[in-house]
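Heads up, the thing below is written out as C-alpha cells.
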Amino acid sequence: MDDIRTALAILAILIGTGFSLIGVIGFIRLPDVYTRLHATGKVSVFGVVLLLVAAALITPVGAGRAAVLILLLIIGGPTASHALTAAAWRAGIKPRGTIRDDLERDHPREP
Amino acid sequence: MLQQVLVVVLNVALAIHIGLIGISVYRLWRGENLVDRLIGADLVTTLMLAILVLIALIELNALYIDVALGLAALGFVGAIALAKYIADERMF
C-alpha cells in the first residue's frame, strides 16, 4: 500500500513541477500582459496544488493542513489573477494583437 | 527502492523551482511596465510556496505547510491590494 502512495506522490510531483515550468516559460515568452497573467495563473493553481496532493499522500499527518492550503489556493489564485487583469485593463494597457476590444465598447474606461 | 526515487525526484523538483525563481526574478527585473513586475512578484511568491511544500516533503515535517499557508494568505492579499492600487491611480 505504501509503494502505491509513494508512486502516486512521485507522479504528482513531476506533473506539478511540469506545470510550474510551463507557467514560467509562458510568463517569459508570451507577448503582452494579459496572456502572461493567463500563464502565471496556471503555476499557482496546478503546480502547487499537485505538490500538496503529493504532500498529503506522503505525510498523512499533514493531510488536513494540505487540504486547507489547497482550498485557499484554488479560491485565491484565480481571484488574484482576475483582480490583476481588471487592474491592468483599467490602467490602460491595450491587449496586443486583438482586432477589437468589446469591453471598451460596452464599458468605456472612465478617465 | 521507491523511497530513494522519491528523494531524488524531490531534490530535482526543488532545484527546478529554484531555477524558475531565478528566471522569473530576472524577467521581473526587466519587466516593461508596472503590471508585469507585479505579476512577476506574484509568480515568485507562488514559486516560493511550491519550494516550501517541497521542503516540507524532504524534511517530512508538516510545519512547513503551515508556513506555506501563511505565505499563501499574505501573497494573495498583497496581490489584491496592489491590483487595487494600480487600477485607481494611473502611474505610468
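The values are calculated or read from the model by the stated rules, or taken from the named source; none is laboratory data. Please read these numbers as outputs of a predicted model, since none were measured by experiment. Glycine gets a Cβ as well: all are built from the backbone with ideal geometry, and neighbour counts include every protein chain shown.
Of note:
- Selection status of B:Val35, free of Cβ contacts under 8 Å to residues at least 24 places away in the same chain and assigned to a helix (DSSP H, G or I): no
- Per the listing A:Val33, A:Val43, the residue uniquely at pLDDT below 85, aliphatic (A, V, I, L, M) and touching a Gly at 6+ places or on another chain (Cβ under 7 Å) is A:Val43.
- Any hit, region B:51-68, residues being within 30 Å of A:Trp89 (Cβ to Cβ) and modelled with pLDDT of 90 or more: no
- When we screen B:Ala41, B:Ala83, B:Ala87, B:Ala62 for residues that are closer than 22 Å to A:Phe46 by Cβ and within 9 Å of another protein chain (Cβ to nearest Cβ), the only hit is B:Ala83.
- The criterion of at least 2 residues that are of a type in the set (Ser, Thr, Tyr) is met, among helices (runs of 4 or more DSSP H) falling completely within region A:1-101, by A:2-29, A:33-42, A:63-90.
Conditions tested, residue by residue: (1) more than 19 Å from B:Leu60 (Cβ to Cβ); (2) surrounded by 15 or more Cβ atoms within 10 Å (Cβ to Cβ); (3) without any contact (Cβ under 8 Å) to a residue 40 or more places away in the chain; (4) not charged (D, E, K, R).
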| site | (1), (2), (3), (4) |
| --- | --- |
| A:Leu8 | no, no, no, yes |
| A:Arg36 | yes, yes, yes, no |
| A:Gly41 | yes, yes, no, yes |
| A:Ala54 | no, yes, no, yes |
| A:Ile58 | no, yes, no, yes |
| A:Val61 | no, no, yes, yes |
| A:Asp106 | yes, no, yes, no |
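- Residue match in region B:8-30 (condition: more than 7 Å from every other protein chain (Cβ to nearest Cβ), among the polar types (S, T, N, Q) and either crowded, with 23+ Cβ neighbours inside 10 Å or more than 18 Å from A:Gly23 (Cα to Cα) (or both)): yes
- When A:Ile4, A:Ile75, A:Ile13 are checked against the criterion of being at pLDDT 85 or above, surrounded by 16 or more Cβ atoms within 10 Å (Cβ to Cβ) and either more than 9 Å from chain B (Cβ to nearest Cβ) or out of contact with any Phe, Trp or Tyr (no Cβ under 7 Å at 6 or more places or on another chain) (or both), a single residue qualifies: A:Ile13.
- Sole residue being among the polar types (S, T, N, Q) and more than 12 Å from the chain's Cα centre (by Cα), chosen from A:Thr79, A:Thr98: A:Thr98
- Residue in region A:78-94 that is more than 9 Å from chain B (Cβ to nearest Cβ) and either crowded, with 20+ Cβ neighbours inside 10 Å or farther than 20 Å from B:Ala41 by Cβ (or both) present: yes
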